[in-house]
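The values are calculated or read from the model by the stated rules, or taken from the named source; none is laboratory data. From a predicted model like this one, the values you see are computed outputs, not experimental measurements. Heads up, the Cβs are rebuilt from the backbone with ideal geometry, glycines too, and the neighbour counts pull from every protein chain shown. Calculation scope for accessible area: heavy atoms of the full protein, side chains included, ligands and nucleic acids excluded. Shrake-Rupley method; radii C 1.70, N 1.55, O 1.52, S 1.80 Å.
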Amino acid sequence: MSPGNKQETAISECEVQSAPPTPRPPPVSTPPSRFHSPSPAIRSPLRAMASPLRAMATPLASPVRKAVATVRECLEEVGHITRLADPRDAWLPITESRSGNAYYAAFHNLSSGIGFQALVLPAAFASLGWTWAIICLTLAFAWQLYTLWLLVRLHEPVAGGVRYSRYMHLATTVFGERWAKVLALLPVMYLSAGICTALIIVGGGSMKMLFGIACGEACLARPLTTVEWYLVFICAAVLLSQLPNLNSIAGVSLVGATAAVAYCTMIWVVSVAKGRVAGVSYDPVKAPNDVDAALDIVNGLGIIAFAFRGHNVVLEIQGTMPSTMKHPSHVPMWKGVKVAYAMVALCLYPVAIGGFWAYGNQIPSNGILSALYKFHSRDVSRMVLGITTLLVIINCLTTFQIYAMPVYDNMEAGYVRKKNRPCPWWLRSGFRAFFGAVNFLIAVALPFLSQLAGLLGGISLPVTLAYPCFMWVAIKKPRKGTATWNVNWGLGILGMSISVVLIVGNLWGLVEKGLRVKFFKPADSE
């Protein structure tokens, strides 16, 4: 029997089984059927046929409409249109709207893939030197791009099958529920909530700096404190977070991505144009002993690893796209990823190389932005400094939205699973305000959090470099001994080894140098 005959037989059998003599009302626990359909841009011939039939009021119209709906449901069941694994996912922020495209994917990936962490790369060059820093940066970029490709293909490993629209869903499928919580829950939570907390610190501090640049000494008689600027930032972020779902913030991600590219370009261009600072040296900073030298190398590797982020939201971004047998979601998603990471490379390399060329071993530990204010605050116009700072604030506000979306989705999922109905708007707003308040409290209470960035970066590193390789082997099951099998096992084990080295090295450094713990004093962290 030919494939076409098999398909017709499956459809006809489905029609016989699923067409009852009287219409059955849909159960209350299931969302409306429109949530199972792809975006309006992908219209099937059956939908085009159904549109005029809806306008007919003759007795014949009802059975015809019913037949059309039945055939369409059967097409979904045999895999022509990808359905949600759980129909209630259509009520959650990540999968509520599935009308995304390659442009939206590029906006989201660029916004989540580049940000303030890129500005610290010159400090890694100061620890590793020109040659090793460039080699490590290139290898890390290629490695994370490969694991990104793995995640894009693992989102829907079987055409017409289950779509893994959340990183924890895929991790639970591969590792099991118990081990997924042990291995992946903490790193994923840190990459979402931890980055949001860091954005409050960076964004609030930049607001304070922008106010000082704009007003000067004339209006600084009673400036706002750092905590008050954190509060201003989080209020703006919570207000912006009222957009309902991930697709609705595509324009926000575009603004944030544009701001990130703009301020990265402005910073390295100004730094290079002003020339090298006096007494610059490009030799790695010599440590007094071998232990400190090893810790400096570990710190440099940690900075490079920290520069690459966004893997914890890749599956969520792809979950906003329609997917059919003819047009799978991984095609537009990968197009968007390629464009986004081409822009990421055009920002990371000039910032790292240009910043280290301009400041050398005198680069501050906070990165090139601090170096710009330290060495050029007098010979660079206030307008340039103000615009750069404003762009940093805009990027922090917009990036906050995309990293907070998985947390919003998880909070609403608890309500949806329990009540079996969509989350009302007032409760959704309350969840988002609560998350913002918790992050604000953490930013104020733990001003020394930046000193733990290397340790937390080592804990979250497997999410980017190791777990996708293990997931590919577990789901795709390549034959043992093949190149694919060897490469993924090798990269996965190497990624876990680097993670262990970073964790041990940073713990060792904290023990050797000590940790300045001062709670509720964020001014001390600046």
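Note that the stretch 407-417 has calculated 3J(HN,Hα) couplings of 5, 4, 4, 5, 5, 6, 4, x, 5, 5, 5 Hz, one per residue in order, obtained from phi through the Karplus relation 6.51 cos²θ - 1.76 cosθ + 1.60 (θ = phi - 60°); glycine and proline are x.
Given a 1.4 Å probe and every protein chain left where it sits, what share in percent of the accessible area of the stretch 357-480 is carbon and sulfur? C and S atoms contribute 65 percent here.
Between the beta carbons of Y282 and A437, assuming R0 = 60 Å, the FRET efficiency works out to 0.85 to the nearest 0.05. Give the shape of the stretch 230-296 as rounded, prolate or oblate, defined through the alpha-carbon gyration tensor: a ≥ b ≥ c are the square roots of its eigenvalues, a/c under 1.5 means rounded, and otherwise the shape is prolate if a/b is larger than b/c and oblate if not. Because a/c hits 1.5 or more and a/b exceeds b/c, the stretch 230-296 counts as prolate. Once the chain from V162 to K419 is taken as fully extended at 0.36 nm per residue, the excess over their C-alpha distance is 90.1 nm. Each residue, L139 and V504, gets one label point 7 Å from its Cα in the Cβ direction; the gap between the two is 1.8 nm.
If you take the beta carbon distance between T131 and R222 as r and set R0 to 41 Å, what does 1/(1 + (r/R0)^6) give as a FRET efficiency, to the nearest 0.05?
The value I calculate is 0.20.
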